[in-house]
Structure formats: C-alpha cells, structure tokens
Amino acid sequence: MKKLLLVLLVCFTSFHQSEAQLLKKLKEKAEKIIEQKKPVTATESNTPAAPASENSNKNESKTPVKPPSYCDSIFVINAEETFLYDESEVFALNNQTSYTFVVQNNKYEYFVIEDGKRTGPFKESPVKSVKPSSEEDGSSSEDDDKVSMGDDKDPIAIQYSKTISGKLFIVFNGKNYGPYDHVGKMIVSRDKKQFFALVTIGGANAMTAKMGMGNNFMVNEAILKQKAGEGMAMKFSVSKGFKHCMAVVMDQTAQKVISITSTNKTEEGSMEALYSGSGNISFVNDNGDIVSVPSQSPTQILLNGKEVATFKVPIKSMSRLFITPDISKSVYYEKGKLYKADGTEESLSGILFPKVITIKNITAVYFFKIYKNDSGARVVYLCKKEL
C-alpha cells in the first residue's frame, strides 16, 4: 500500500489538472494488481472454482461450479462450521444409503445431521469417533477387533453381561445366553437385533478361564456355538453384512496363530509375525471366507490363501480398501485416485468420505463434495458412481 501511495504522489505532482482522467486510470490499475495478489482463504480453497467464460466481464464474479449429474444436494453447512471427519460416515442400512455428519461451529457447539435432519446444538459430540470396522467395510483397526482379557473388560460385553446365581450370562433382548467364564468381545448390529461374541468356557483351570484364557467359542443370538481353539484369543471381528465372524487365537502349545471363521475356514500364522506386527491383515466376508492382504506382497488380495485380485499400488490403509461381493471389483482409494482390482485406476480427487457400498446387487462408490450455490452458501452433495 505504501508503494501505491508513492506512485500516486509522484503522478499527482507530475501531471497537470487536465490529466486527472489518466491519474484515475492509473489508480484503478494499481488497485486491481493489489486485489489479484490477495491470498485465497481456506474456505475459498476448499470450494471448486468455476472456469471463467471468455466473453464474461472481468469485473463480474465467477459463476459457481455446478455439481455433476450423479450428485444430489443433502444439506447446507454454515460458513462458521467445520466437519468432524472422524465422527462422520456413510453406510448402507436396510438396503438404502444413510449418513451421519457431525459439525462444529465457532462457539464450540455440535450439530448432528442424519439423513438430512439436523439436531443440536450439543455441548459435546453425541456421536463418538467412527473408526473403520469389520461391520462397516470389511476391515478393522488394531483397537476395533482387540479381545479383552482379565480386568480389561470389553465395553459392549459389560453392557450386555449379567451375573445370575454366581454365573456369567449375556442378556440380549430379554434372553439369557450362557453361562460363560469370560466374554472377551461382543459386537452388536446397528439395529440391535443381532450379536456375535467371543467367549471362554472352561480351560486349564477356573482362574485362567475367568481371565479369558482357555476354550474359546464364537456364539451369537441364533444357534452358533463354534469352538475357536484353545489358548489366548487375540482378535475378533464380524463381516460387513453381519453374517459371519472370525477369531484369531494364539495357540501357545503349537506355537501358532490360528484364524478361524464361523464357517470353519482357517489360516495359520507365526508367533513371530504376531509379535512384530508384520503378519497378514485379514478379515471375514459375508460368505465366511478369510480375506487377507499379505504383508510381504501388499498389492494382493487373497481369498482363503489364494490370489483373487491385484492392485497397481500397495495397500497401506485398510480403511481405504473396499471389498465388494465380487472381489474382482474391489477398489482402493488413495491420494485422489480410485484403484481397481483389475489393475486400472480412475482419478477421483477432492472428495470426502469415500465409501463403496453394494445395495440391491449394485456396487458403487459414494462420496461427498461441497459446492457453493448462487448465493454463496456451501452445499454438501452426496455423489454416486457405479463400479
């Protein structure tokens, strides 16, 4: 700005009154240069810019970019609000696409937006952090599938466990299941109508059995009661459609780690790989098969030990790997690209919360994008691209 004033001062002292019009033009040109050098705000940088028309007036504002035809508007996010990414998600429920968003304003108030309905404000987020889990996308983090032992109780198991006449039971929807010595892990479906649990029934002695070391069984609210080996249970997960489960048990006698599903599919691993964290990443699908990504060749997907898909890049994040019913159509999203299991790739940059969902035999990637409308408001769109 000091440079601008200096230029104007020199011009003013040099030109005669009759050249005031030229001075005005110089001032307008200098202001335009300064305006072009202003930094772009964070809000503006997150919104796709509209291409300028060759015939448009330079002084007119740019027309906002219109979203693609495969995107539908779902709600408006206010200028002072930001997303809480770890507490927002899209998922399939009752053969339909549902979503939950948590936003926070500059007063540190929380609002929840579920399928277009906004509730709040809340002093604390009513939705806890959403972590990728086997129930959601066929993958799980270390904390999600960890089995509790001893005094380290599983919170869901605590919620549904009850001691009756000195014995431990799972009480679910008015029915008692058990008795058990220990409930190491319990997973409940979204509609609260189903559960899978990993329990201990007996073992070398009563004390170790009550701590979760002994005869491990996979059970549910129906007829499932399948032995999952003897020893120390390490992990337990459920398939995407809540149809099957898988336990990982450390058999100290045999010095092996055994993964077993509710359809009795098994996979062996080494104790060394388990302790070093370099073992295969594996989970169970809706058919009861073991789907795994080998640690030594992370571009592959194996089904019960046999290769069924290969990607162009290594799989680094299981939360970005989406296993479809037809595994050959599985996809992996990383750094703005959607990698397909057939070896091809597709650019898909600038998206939020990518999720691959199969509804009524149609598999598609769902994601969110934000566009500004004609009035400048930020509109959140749900987009769908079939695979």
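Some observations on this one:
- A count restricted to the range 242-295 and to residues that are assigned to a loop (DSSP other than H, G, I, E, B) and at pLDDT below 85 stands at 9.
- Selected residue (only one of S295, S375, S330, S347 is surrounded by fewer than 15 Cβ atoms within 10 Å (Cβ to Cβ) and touching a residue at least 12 places away in the same chain (Cβ under 8 Å)): S295
- Considered as a group, the residues in the range 212-225 that are of a type outside the set (D, E, K, R) and surrounded by fewer than 17 Cβ atoms within 10 Å (Cβ to Cβ) include one that is nearest to I260 (Cα to Cα), and that residue is L224.
- From the list V103, V90, the lone residue that is over 30 Å from N361 (Cβ atoms) and either part of a strand (DSSP E or B) or modelled with pLDDT under 85 (or both) is V103.
- The residues listed here are M186, M218; of these, the one that is modelled with pLDDT of 95 or more, touching a helix residue (DSSP H, G or I) at 6+ places or on another chain (Cβ under 8 Å) and part of a strand (DSSP E or B) is M186.
- Top-ranked residue of the range 310-323 - restricted to ones that are under 11 Å from K340 (Cα atoms) and in a loop (DSSP other than H, G, I, E, B), ranked as modelled with the lowest pLDDT: I323
The values are calculated or read from the model by the stated rules, or taken from the named source; none is laboratory data. On a predicted model such as this, the values are computed, not experimentally measured, just so you know. Note: ideal-geometry Cβ built from the backbone for every residue, glycine included; neighbour counts use all protein chains shown.
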